[in-house]
Amino acid sequence: MTTAALPGECWAITDHAAGNQRQALALAERLGMPVRHLVLAPRAPWSWLAPRLALGGPLALPAAQRAVFVPPWPTVAIGCGRGAALLTRVLRRCAQGHCYTVQILDPRIDPRHWNTVIAPRHDGLSGPNVLQPLGSLNPIDDAWLQDGRDAFPTLAALPRPRVGVLLGGPRGNLRIDRAYAQQLCSRLLAHQHSEGGSLLVLGSRRTPVEVLEAMRAPLRDVPGLIWPDPGNDDNPYPGVLGWADRLVVTPDSVNMLSEACAVGCAVQTFVPVPLAGKLSRFHQSLREAGLLHDLDNAATSDQAPLRETQAIAQTLRRHILVP
């Protein structure tokens, strides 16, 4: 059965946050439409009250950004982040209902201001136009993983099991600091001494420098890598996910955990203090689904990948084609 093409263009509207961009673009690209990525940020006072204050429409943007927020309006607009939520709300009015608007993440106001709101289950948002994935949207599928392996073929030569270690940063009472890094290192080394293999450690934009510094010396004789690497600017993240036999992820990031669970290998985490609120509910949901395990437990086998983006895109296509 041939899938009907959606007419027109899709705008993905985000701020500069990498996690917001990744979610909006992953979903937009699955719709099979030409995608235009707009990085926009409302100015004060709209930025203070976004997305509640919608008076003034495009005037919420600085003049330079307002110049790109003009007709012809897209068929679909996907926003991620609080500022983007204001702009997709405004766009629905500007296009007089002829633009299908999607907001990713809880906008903190009534979802009826958008055609569809996509909020992860742990947000606790519900409504007739709300979709509730377990995790965050992402681009990871078999083709993405194969591209990662093709881009970083040298990682295949590392001894197995290849354990990818994804590091986030502090969040609330969850301290991702030197002490955390030392505890994590001791556990990773204990596993590596018993089973062999290699450790592929990746920091993110949120990872404190002290965390990476605390891990370099203890892991210097272990096969693998630690990135960022002063001698290599090429982020090996796609290759690490593509070649990993197992992934260990710090507990702070919903996006990193969701992407790890999309790979299809075992995923573990080290949680030194009790989690709270939405993050606790998210972890519990992953554990109940058999997708997340404690690092101190025995290594688990491969698991069915958590891949929700394509199903969400298919649902949106049906809604867009049949208003």
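The values are calculated or read from the model by the stated rules, or taken from the named source; none is laboratory data. Everything numeric in this text was worked out from a predicted model, so none of it was measured. Here Cβ is always computed from backbone atoms with ideal geometry, including for glycine, and neighbour counts include all displayed protein chains.
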Cβ-Cβ under 7 Å pairs, at least 6 apart or on other chains, region 36-65 side in contact (Cβ under 8 Å) with a residue 12 or more places away in the chain, far side in a helix (DSSP H, G or I) and among the basic types (K, R):
A50/R82; P51/R82; P51/R89; A54/R89; G57/R93; P58/R66
Does any residue of region 179-192 turn out to be closer than 28 Å to L87 by Cα and not polar (S, T, N, Q)?
no
In region 83-97, residues that are of a type in the set (A, V, I, L, M, F, W, C) and part of a loop (DSSP other than H, G, I, E, B) total 1
Pick from R205, R178, R216: which is under 21 Å from P274 (Cα atoms) and either among the acidic types (D, E) or in the same structural domain as V263 (by TED's automatic domain parsing) (or both)?
R178
Within region 145-154, is there a residue that is in the same structural domain as A260 (by TED's automatic domain parsing) and among the hydroxyl-bearing types (S, T, Y)?
yes
Anything in region 111-145 that is farther than 15 Å from C80 by Cβ and touching a Leu at 6+ places or on another chain (Cβ under 6 Å)? List them, or say none.
R121
Sort out for me the helices (runs of 4 or more DSSP H) sitting completely within region 214-303 that have 2 or more residues that are without any contact (Cβ under 8 Å) to a residue 24 or more places away in the chain and surrounded by fewer than 19 Cβ atoms within 10 Å (Cβ to Cβ).
277-288
Subset tally (residues that are under 21 Å from P238 (Cβ atoms) and among the β-branched types (V, I, T)) for region 167-219:
2
I'd like the full set of residues that are among the charged types (D, E, K, R), modelled with pLDDT of 95 or more and over 23 Å from A190 (Cβ atoms), limited to region 234-277.
E259
From the options R216, R220, R281, residue that is within 19 Å of G135 (Cβ to Cβ) and among the charged types (D, E, K, R):
R281
Of all residues in region 66-109, which are among the polar types (S, T, N, Q), touching a residue at least 40 places away in the same chain (Cβ under 8 Å) and surrounded by fewer than 24 Cβ atoms within 10 Å (Cβ to Cβ)?
T75
